[in-house]
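Working notes for the structure below.
The values are calculated or read from the model by the stated rules, or taken from the named source; none is laboratory data. Here the structure is a predicted model, which is why all the values come from computation and not from measurement. With ideal geometry, Cβ positions are generated from the backbone for all residues, glycine too; neighbour counts draw on all protein chains shown. The protein model used for the area step is the full one, side chains on, heavy atoms only, and it has no ligands, DNA or RNA in it. Shrake-Rupley method; radii C 1.70, N 1.55, O 1.52, S 1.80 Å.
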Amino acid sequence: MTDHQSLIGAERRELVLRAAVRDGLLDPEDTPLAAFLDLNAVTETVAALHAAFPARLDVLHAFAAKANPLGPVLRRLRGLGMGCEVASPGEFAQALAAGFAPDRIVLDSPAKTRRELALALDLGVAVNLDNWQELARVDELLAGRPTTSRIGVRINPQVGGGSIAAMSTATATSKFGIPLADPGNADLLVDAFRTRPWLTWLHCHIGSQGVDLSRMAAGVGATVDFAERVNRELGRRQVTGIDLGGGLPVNFADDRITPGWDAYVEQLRHHAPALFGGDYRLVTEFGRSVLAKAGFLASRIEYTKTAGGRAIAVGHAGAQVATRTVFMPDSWPLRITAHSPSGAAKQGPLVPQDVAGPCCFAGDLVARARPLPLLEPGDLVCLLDTGAYYASHHFSYNSLPEPPVYGARTDSTGAVRFETLRPAQTVDDLVTRTLG
Ligand SMILES: *Cc1c(COP(=O)(O)O)cnc(C)c1O
């Protein structure tokens, strides 16, 4: 294993938090909740991703926009050399607006409309087709319309799921891709390639959080084996690229970045050696693993109380920004740190506390009976590892506004500067949108 220490440890987080308080970014009235992304950590993480694959291979690392589609985040990742994977008309438009060249965008929407497909083919955006009907639709669209798009088929290698059912995309009955082991499908797919010279890529995405590395790599291995079979049976190298998807899990338990990409690449070398022979161009689609550990949410504690002997701290981070954690607490637990109003780490004996959010339902808890120094009104709590799929995935329960998102850059002297990645949604914005 190649685990290494976190790029954003407790020390840098506290530095950022104190600077945020000093700069008025956690104003108790205006912005009692804000999200932060450590931009130094993002740069380091993307560099580690590029370094994990051999330089002689042609690899496009396409960031999965789903994980955090904010414009300044996408622009920054583009600047760091990444492409962009998109899965809806909205993400497609966000990627174009962020300045990604069309040939560095990969369109994976599960329910692409004709217009969405036509736009991708016109622009030369890479497209992965999900099913037989979509293949037939592209046959029609391509009649008399040349394209420079790289076109592939998503297959489901049916290697099984992981520990979170909703995140497991390679089960026997998954809704994604063409299930390769279903009777007749493999032969039909070889024929589909035979009659369509423009079909040149294979795509898989085995799952996200909860799927272990060897299962992910085995799924990629099955995909590469199928590419070799197509090329062998057709007697020509028609499949020229493999898109291995994303899904590297994130360690939510402590500050270590584990597994690292090196560990995954090692598994890929074992399960899919042909990827490294230089015969295929590669695309990856990592999302969570690029940003999760670089981000945290900070929330003011408004009130504290006890109920039935349980200490409860009521703050501003709840289901609106930590939806999965609130509704599926066992699958998506988050680390929480306690801080005094200045942002300094809070000291004191650990007391089991519920950390509650602002939503009007009893289950709106981001932690249950969590041992923390006893929280008081005005204190801050941080929800760690939330740079992907949290603040950027707002759930507008109780008309709670979208919190601001700030990028933090730390220079060599330890000075922190902030830039706004998304301004706070104001109550006026909210009212205007719902006026009718
Ligand atoms: C969600 C998704 C990704 C990104 O998954 P992460 O777990 O964030 O790395 C990549 N590709 C596809 C097709 C996806 O659906």
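Taking the numbered list (1) open to solvent by less than 20 Å² (accessible area, probe 1.4 Å); (2) free of Cβ contacts under 8 Å to residues at least 40 places away in the same chain; (3) within 16 Å of the ligand (Cβ to nearest atom) in turn, N231 passes all entries but (3).
Conditions (1) free of Cβ contacts under 8 Å to residues at least 40 places away in the same chain; (2) out of contact with any helix residue (DSSP H, G or I) (no Cβ under 9 Å at 6 or more places or on another chain), marked per residue:
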site: S331; (1), (2): no, no
site: P349; (1), (2): yes, yes
site: C360; (1), (2): yes, no
site: D385; (1), (2): no, no
site: N398; (1), (2): no, yes
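Among the residues making up the stretch 281-302, those that are open to solvent by less than 10 Å² (accessible area, probe 1.4 Å) and within 17 Å of N40 (Cβ to Cβ) are V290, L291, A292, A294, G295, F296.
With respect to the conditions (1) within 16 Å of the ligand (Cβ to nearest atom); (2) on the phi > 0 side of the Ramachandran plot, G124 falls short on a single one, namely (1). In the stretch 74-85, the residue that is surrounded by the most Cβ atoms within 10 Å (Cβ to Cβ) out of those that are out of contact with any strand residue (DSSP E or B) (no Cβ under 6 Å at 6 or more places or on another chain) and hydrophobic (A, V, I, L, M, F, W, C) is L74.
For the stretch 209-314, the helices (runs of 4 or more DSSP H) that sit wholly inside it and include 1 or more residues that are closer than 20 Å to N156 by Cα and more than 26 Å from the chain's Cα centre (by Cα) are 213-234.
Counting only residues that are surrounded by fewer than 20 Cβ atoms within 10 Å (Cβ to Cβ) and at negative phi, the stretch 371-395 holds 8 of them.
Each row is one residue, and each column tells you yes or no for (1) outside the structural domain of D255 (by TED's automatic domain parsing); (2) buried (at least 24 other Cβ atoms within 10 Å of the Cβ).
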{"position": "F63", "(1), (2)": "yes, yes"}
{"position": "P89", "(1), (2)": "yes, no"}
{"position": "A95", "(1), (2)": "yes, yes"}
{"position": "A101", "(1), (2)": "yes, no"}
{"position": "R115", "(1), (2)": "no, no"}
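Of all the listed residues (L268, L275, L248, L244), the sole one being within 28 Å of A170 (Cα to Cα), touching a His at 6+ places or on another chain (Cβ under 9 Å) and either open to solvent by less than 10 Å² (accessible area, probe 1.4 Å) or touching a residue at least 12 places away in the same chain (Cβ under 8 Å) (or both) is L244. Filtering the stretch 396-414 to residues that are open to solvent by less than 50 Å² (accessible area, probe 1.4 Å), modelled with pLDDT of 95 or more and of a type in the set (G, A, S) leaves G407, A408. If you go through the stretch 168-202 and keep only what is open to solvent by less than 60 Å² (accessible area, probe 1.4 Å), over 12 Å from L135 (Cα atoms) and not in a strand (DSSP E or B), you end up with T169, A170, T171, S174, F176, L180, G184, N185, A186, V190.
When A136 is tested against the conditions (1) aliphatic (A, V, I, L, M); (2) touching a residue at least 24 places away in the same chain (Cβ under 8 Å); (3) in a helix (DSSP H, G or I), the lone failure is (2). Search the stretch 203-226 for residues being open to solvent by 10 Å² or more (accessible area, probe 1.4 Å) and among the hydroxyl-bearing types (S, T, Y), and hand back the single one that is farthest from the ligand (Cβ to nearest atom). Residue satisfying both the conditions and the ranking: S214.
Of the residues R368, R433, the single one that is open to solvent by 50 Å² or more (accessible area, probe 1.4 Å) and closer than 26 Å to K346 by Cβ is R368. For T147, are the conditions met, namely being free of Cβ contacts under 8 Å to residues at least 24 places away in the same chain and not basic (K, R)? In short, no.
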